[in-house]
Structure formats: C-alpha cells, structure tokens
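The values are calculated or read from the model by the stated rules, or taken from the named source; none is laboratory data. Note that the structure is a prediction, hence the values are computed from the model and not measured. All Cβ positions, even for glycine, are placed from backbone atoms using ideal geometry, and neighbour counts span all protein chains on display. Accessible surface is based on the protein model in full, side chains and every heavy atom, while ligands, DNA and RNA are left aside. Shrake-Rupley method; radii C 1.70, N 1.55, O 1.52, S 1.80 Å.
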Amino acid sequence: TPAGYWHDTGHAAIKEKLGLLKHEDHLNKMAPNLLGFHLHDVSGGTKDHQPVGEGDIDFEMISKFWKPEHLLVLELSPRLEVEEVKLSKERIGGGGRRERGIQFCCEAPRLIPGWLIFLAARPGESFR
C-alpha cells in the first residue's frame, strides 16, 4: 500500500502563523496524497486543540479538500467539556449550516460510523 499524507489543521495553521507555509497552498500541493485529517482549531495563533469553529482556522476552505474516502479525526484538548466535543462533531457534520460566519461542511466523509475522536478523559470520567 502506498504511503499518504495525514493533514493536521491546527499544526498547519500554526506553521502558517510562523510564516513557514500557506495553509491552502500546502493542502493543494498535498491533496493527491491525502488520507485524512486531524481536526482542531487554533486561537491566538498558538493555542491548539480547541473546539472546531472556536478559533481562527478557515474550516470552509479545509472542507473543500475532504473526499468520501478520507477519515476525519477530532484531536481536541482533554480539558474541553463534553458539550464542546459534541459541538465540534456537530459542526463538522453540520449539513451546510452557517454559524458566526463559518460555513460548516455539507458532506463529511465517513462521519458516521467511521468517525474517530482522540480524547483523553479525566480520571473517573467517560465521554458518552
């Protein structure tokens, strides 16, 4: 099986803020090799693993690169509340809804049942 590229939205946004790359140009270059996405937002330029739609990342632009064969993984801070995690998931599969000027994706590839969420629960806590 050939190797591919897994895109991390937050880390690419931080690299753009540092002047190391242009997020959209980078995605255009890597698009033929894309396998999936780690999705998280960034606020203040460097605070990553924030809820999707709560920071500075242009998820409308990113969603143009999603294909049905891609996996989408929420990579969120364990400090987030369960409702923030649910809201991030909802925003990714939002059926084209606009919220606070953000156009959330219309067709999320493999949203259910292939959705993966990377989270670390606090001791004695579980995510439902």
**Message:** Between 54, 60, 69, which is farther than 14 Å from residue 12 by Cβ, in contact with an Asp or Glu (Cβ under 6 Å, 6 or more places away or on another chain) and of a type outside the set (Lys, Arg)?
**Reply:** 54
**Matching residues in segment 13-41 - criterion: being free of Cβ contacts under 8 Å to residues at least 24 places away in the same chain and over 16 Å from residue 66 (Cα atoms)** = 15, 16, 18, 19, 20, 21, 22
**Item:** Selected residue [open to solvent by 40 Å² or more (accessible area, probe 1.4 Å), closer than 18 Å to residue 89 by Cα and out of contact with any strand residue (DSSP E or B) (no Cβ under 9 Å at 6 or more places or on another chain)] from 29, 15, 64, 22
**Value:** 64
